[in-house]
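I'd like to ask you about the structure that follows.
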């Protein structure tokens with residue numbers, strides 16, 4: 001996950017030829033907190049250059065793709081909500097009336113349905129699917145109306161054209177066997193396609209009713225698709241991943257997906273809600289260690305790559321993370337942001353004065369254009385972090401009382417020596433106690449307490465010495481000799 005994060009910092013803008021490369025403006029802010037955790041905030045805006053000049057003219061202003069995703073920690077689960085919205089340009093002819101997809105997942109079992117209603121001419125397509133650890137099954141049906149006006153020159157122009165196309169595809173067993181064989185070859189024959197066929201009828205001279213079925217299962221008896229995935233990855237060093245893959249799949253306890261298309265507003269929206277185990281952060285870090293430890297063990301002592309060592313020693317908190325992405329193909333611009341990711345990296349020094357060289361070195365090893373790099377001193381109820389840049393380190397472009405910013409920084413590893421000092425907040429009780437006034441008051445209070453104890457002890461001794469000593473027998477209970485007799 002960290003590798004993906006740091007790699008994404010420089011993922012845009014590499015190509016060849018005469019095309020102008022995308023122009024990026026990147027900003028990375030790291031908030032270092034008194035407990036040594038580091039909050040990550042990343043934003044990037046890009047002008048896609050001539051890479052989209054040929055296609056941007058096809059899209060009207062305002063055409064955009066927007067996506068967002070956010071995690072939230074709840075009492076019994078971590079929940080991620082995601083939305084992807086495509087704002088499509090109005091077309092001269094409205095092809096789709098509506099599109100609707102609903103799907104649910106519970107553990108390793110899922111099911112769903114898809115419905116598409118078209119307008120040129122009116123047709124509909126429905127599909128259902130179900131997956132389990134040992135089977136993938138899809139059934140699709142379509143009611144198609146032919147139209148020479150809208151589909152001239154295509155298989156949907158008339159029945160004759162459709163029958164010809166069908167005879168070359170689903171109506172041809174050699175073709176369906178070839179497609180099934182290609183799927184099996186792509187999965188190194190660990191997956192077997194047990195059904196892939198279609199039927200067609202013609203209710204009228206200008207329409208067709210089509211049904212298509214597909215079923216795939218693991219090739220080896222007693223195995224499931226997790227074993228299939230590990231077998232596929234084995235040639236690429238994926239041996240032993242079975243327990244890790246299963247543990248990762250078990251982190252997700254459920255999911256719902258809904259896709260809708262509004263033909264009036266030309267808006268396609270995909271929404272999903274995914275539920276994870278309540279201790280997602282702890283389980284992610286456990287899986288990270290389980291995956292990285294064998295990799296580290298493969299290197300002789302002291303020779304493992306620094307980023308790998310850093311990631312292994314860093315715990316991750318993703319349960320409050322959120323991301324957004326926006327792409328405007330009309331203007332050829334894009335933007336991305338990430339916040340809420342928290343790292344707990346390895347530090348050097350004391351609890352009140354430490355450095356984090358591995359963080360800067362790992363970010364610095366990722367190729368990227370210049371980035372506006374900001375270090376922020378975080379705080380809690382009692383303490384704040386002060387950023388201290390040594391004299392022999394690249395000095396920041398600008399500073400505030402609790403931050404330092406380097407504009408267009410090319411190599412973040414040059415900041416490895418930056419120190420983070422934990423100091424009491426000016427208005428905190430701890431700061432008051434260690435201040436000169438606080439120390440003086442503490443001394444006065446201490447003297448007062450000691451004086452009170454001395455006076456109390458002296459008073460007790462004086463009280464004891466003033467009590468007369470009594471001798472002789474103790475008088476018996478009752479009236480004394482000088483007492484008056486009782487009244488008659």
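What value does the range 187-251 have for Rg/Rh, both radii from Cα atoms and Rh as Kirkwood defines it?
Dividing the radius of gyration by the Kirkwood radius yields 1.28.
Take the alpha carbon gyration tensor of the range 212-354, find the square roots of its eigenvalues, order them as a ≥ b ≥ c, and report rounded if a/c is under 1.5; if not, report prolate when a/b exceeds b/c, else oblate.
oblate
For Cα pairs less than 8 Å apart in space and 6+ apart in sequence, what is the mean separation divided by the residue count of the range 91-265, i.e. the relative contact order in percent?
That works out to 26 percent.
What span do the alpha-carbon atoms of the range 91-265 cover on each of the three principal axes, reported in whole Å from largest to smallest?
Over the range 91-265, Cα extents along the principal axes are 58, 41, 26 Å.
Next question. Based on the alpha-carbon gyration tensor of the range 84-146 and its eigenvalue square roots a ≥ b ≥ c, which shape applies: rounded if a/c is under 1.5, prolate if not and a/b is larger than b/c, or oblate?
The shape class here is oblate.
A short reminder: the numbers here are calculations on the coordinates, not readings from a lab. On a predicted model such as this, the values are computed, not experimentally measured, just so you know.
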